[in-house]
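The values are calculated or read from the model by the stated rules, or taken from the named source; none is laboratory data. Not measured: the values here are computed from a predicted model. Note: ideal-geometry Cβ built from the backbone for every residue, glycine included; neighbour counts use all protein chains shown.
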Amino acid sequence: MRDGEWLADTGTEIRSVLKVMVDAGWLPGGTAVVGTGSMWEFVAVGGLAEECGGARAAPDVHYDTASLTKVLATWPLVGRAVAGGVLDLDTHMSEYFPGGPYPGGEVTVRQVLTHTSRLNPVTWLECYAGTNTDLAETILAEPLEEAGYHYIDRGFILLGLLLERLFGTPLDQLAAQMWAESGMSATTYGPLPRSASVAPTERRIPGTAPTWGVVHDEAAALMGGIAGHAGVFSTAIDLGVFARELIRAHNDDGPAFLDTGYVRQSWTPEIAVEVGCSRGLAWLVTDDGLVYHNGYTGTSLVLHPATGRYVGLLTNAVHFGRRKTGLDDLRATVLAAFRS
């Protein structure tokens, strides 16, 4: 199928599924970017939430990207740190956090990126609030779990804290500089003003205002909204810019904000997750060449490096509750589009 036809057909499929979800009252709305090479088109269906006064979903509306933060902020910053010689993927954390010994001191950055770090998989940080213990040291001091693959947010929290130490600069500032260099003018950590350009996420308690312009993830909220695993807001336009930059870097097609070798290594399977799917460095990698990552609030970014095709999806699927009805079907539709 030619790129133009694929773009049109994929956009139509995503628009159709989103419309079903909106009409059924499963989510307020959503937007997507569908692109390949120099072409892209945008899908926008439904609205943002009743609090937004009838504002419609649009390519320039900010959504809480949730765990897409891992690949929008932390993963590329790690790559730049590696390229700059200030970080090594296989050096133990004890080299960067020498105050131990800690059980987590033997963990490497590579293990964190592949979710094989054995760090405590429980993300809740409430028990550390009001203490005098440094969060990075607290994470490292926890006993390690059994070996194996476990999706662990704490590892990316730790990487965010490590990046701040290595560069002596807050994580949000490091990320903002990187995004500016790559042309992502709208991507940012929160908070953002409550407005019709920001999609509210979940109304956690009936009769109260929804989480709106501030991070949805509870652990990231305790960290002031700036964390390595969550906290980034972005738009469909910026997801498209990011995808283009990643494919350019992967193909070594002119200047890019990330090292080609790092991107290719990241998109190479490192550990099996399920039949047909493995974890690379941060990203999920399928046997048929797709690379993707999802976010809890209803977001996804999927790329096919071999063809240069990509889809970025932004919704506030948690707005009516955490069941997120229909989201799995929407994501399956996106993945299927690359296999048609």
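Here are the numbers for the structure shown:
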quantity: Qualifying residue in segment 297-313 (condition: at pLDDT 95 or above, at positive phi and in a loop (DSSP other than H, G, I, E, B)); calculated: yes
quantity: Number of positions in segment 243-295 that are hydrophobic (A, V, I, L, M, F, W, C), touching a residue at least 40 places away in the same chain (Cβ under 8 Å), in contact with a Ser or Thr (Cβ under 7 Å, 6 or more places away or on another chain) and under 25 Å from Phe42 (Cα atoms); calculated: 2
quantity: Lone qualifier among Leu89, Leu174, Leu144, Leu119 - being assigned to a helix (DSSP H, G or I), touching a helix residue (DSSP H, G or I) at 6+ places or on another chain (Cβ under 7 Å) and at pLDDT 95 or above; calculated: Leu174
quantity: Filter result for the condition that a residue is buried (at least 16 other Cβ atoms within 10 Å of the Cβ), in contact with a helix residue (DSSP H, G or I) (Cβ under 7 Å, 6 or more places away or on another chain), under 24 Å from Val82 (Cβ atoms) and in contact (Cβ under 8 Å) with a residue 40 or more places away in the chain, over Leu159, Leu125; calculated: Leu159
quantity: For Thr208: the one exception among (1) assigned to a loop (DSSP other than H, G, I, E, B); (2) under 19 Å from the mean Cα position of the chain (by Cα); (3) of a type in the set (Val, Ile, Thr); calculated: (2)
quantity: So Leu166, is it closer than 18 Å to Gly231 by Cβ, in contact (Cβ under 8 Å) with a residue 60 or more places away in the chain and either in contact with a helix residue (DSSP H, G or I) (Cβ under 9 Å, 6 or more places away or on another chain) or of a type in the set (A, V, I, L, M, F, W, C) (or both); calculated: no
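For every residue, the table says whether it meets (1) exposed (fewer than 15 other Cβ atoms within 10 Å of the Cβ); (2) out of contact with any strand residue (DSSP E or B) (no Cβ under 6 Å at 6 or more places or on another chain).
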residue	(1), (2)
Glu245	no, yes
Ala249	no, yes
Asp253	yes, yes
Asp259	no, yes
Asp288	yes, yes
Thr297	no, no
Ala306	yes, yes
Tyr310	no, no
Leu330	no, yes
